[in-house]
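Visitor: Starting off with a structure, shown below.
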Amino acid sequence: MDHVLKIADSYVFTPYVYPSSWPEDGTLRQLISLWVVTNLGGQLIYLGFGLLSFYYVFDHRLMKHPLFIKNQVGKEIRLGANSIFWMSFPTVALFFWEIRGYSKLYDNISESSMGWQEMILSIAGFLFFTDMCIYWIHRTMHHKNIYKHLHKQHHNFKIPTPFASHAFHPLDGFLQSLPYHVYPFIFPLHKVVYLLLFVFVNVWTISIHDGDYRIPGPLICLINGAAHHVDHHLYFNYNYGQYFTLWDRLGGSYRHPSALLGKGPHDHVRKLLADAAQAH
């Protein structure tokens, strides 16, 4: 995050925002700047990629599904934007510790003991580590004593649109994002790779809510896509994973996507439309 902060300082904050008496490495200034960058960046990724997905990927016929609630898109956006706003506060604390040098993030490949090989392995490590952690955090959110207070808000959307991707209670959303921030405090990771992965996980979260249930055949049993995740919204106790199906299989919570068996939301809508056409 220090790269983003340096760019923001160079082009915006130093010349136009802060008085010259505020040093760029001052604690208060860095905290304020990080909050602005984190909140603005999070909202832009969510709304920008969410809009693209909603208009170019999401099948709008799903909005005719009987479980699609009134004014759902607006409710998803309001909850998502509110969640990102409040999540940005604890997230800034983690970013602040990173830029102060407490993490294992590094700038140059030469700083890595294994060079490019380690950088590539770190990407795989990040994905598998975060997938494992999120599975268990997500599954914990479904415990009856926790669900009604936190995760239930996200499950109000049985037929989600891409905007449901970040529509969480803020504490729920932050806890599920925590593995992304914890990883570089435990394992070495290149700073640019970390930023790219941070954008990737947000885009991936949007993609598993986009209603596009197509998955390349050989990957159906490996990748947790939108077809898997919509069953999580519909049937509650299945497919908690983020990217892969591994932990669902190990944890006994895997469900083969109903959409791939001809029993998904699209099939239901097609039947409704066909019945309506026959009635006329």
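Visitor: Which of the peptides 96-103, 268-275, 157-164 is most tightly packed, and how do the rest follow, judged by the mean count of other Cβ atoms within 10 Å per residue? Could you put the intermediate results ahead of the total?
Guide: Numbers: 96-103: 15.8, 268-275: 13.2, 157-164: 25.0.
Highest to lowest by the protection proxy: 157-164, 96-103, 268-275.
Visitor: While we're on this one: Please give the net charge around Y147, taking every other residue with its beta carbon less than 14 angstrom from that of Y147, where Lys and Arg add +1 and Asp and Glu add -1.
Guide: +3
Visitor: Determine the equivalent ellipsoid of the chain by diagonalising the alpha-carbon gyration tensor, then write out the semi-axes as square roots of 5 times the eigenvalues, largest first, rounded to whole Å.
Guide: 37, 22, 17
Visitor: If you don't mind, another one. Using 1/(1 + (r/R0)^6) with R0 = 25 angstrom and r between the beta carbons of L121 and W97, what's the FRET efficiency to the nearest 0.05?
Guide: Efficiency for this residue pair is about 0.55.
Visitor: In nanometres, what is the gap between the two model label sites at L171 and L272, each 7 Å from Cα along Cα-to-Cβ?
Guide: 3.5
Visitor: Using helices alone, what [θ] at 222 nm do you get for the chain, with -39,500 (n - 2.57) per DSSP H run of 4 or more residues, divided over all residues and rounded to the nearest 500?
Guide: Result for the chain, helices only: -19000 deg cm²/dmol.
Visitor: Sticking with this structure for a sec: What does the highest-first list of 16-27, 231-242, 135-146 look like by mean Cβ count within 10 Å?
Guide: Working: 16-27: 10.8, 231-242: 19.7, 135-146: 15.0.
Ranked from most to least packed, the peptides come out as 231-242, 135-146, 16-27.
Visitor: Okay, moving on. Peptides 81-93, 207-219: what's the order by average Cβ count within 10 Å, highest mean first?
Guide: Per-residue mean Cβ counts within 10 Å order the peptides as 81-93, 207-219.
Visitor: How large is the charge dipole for the chain, taken about the Cα centre, if only the Cβ atoms of Lys, Arg (+1) and Asp, Glu (-1) carry charge, to the nearest 20 debye?
Guide: 1100
Visitor: Ok, one more. Compute the FRET efficiency between I186 and L31 as 1/(1 + (r/R0)^6), taking r as their Cβ-Cβ distance and R0 = 30 Å, and round to the nearest 0.05.
Guide: 0.80
Every number in this text was worked out from the coordinates using simple rules, so none of it is lab data. Owing to the predicted nature of the structure, the values given are computational and were not obtained by experimental measurement. Heads up, the Cβs are rebuilt from the backbone with ideal geometry, glycines too, and the neighbour counts pull from every protein chain shown.
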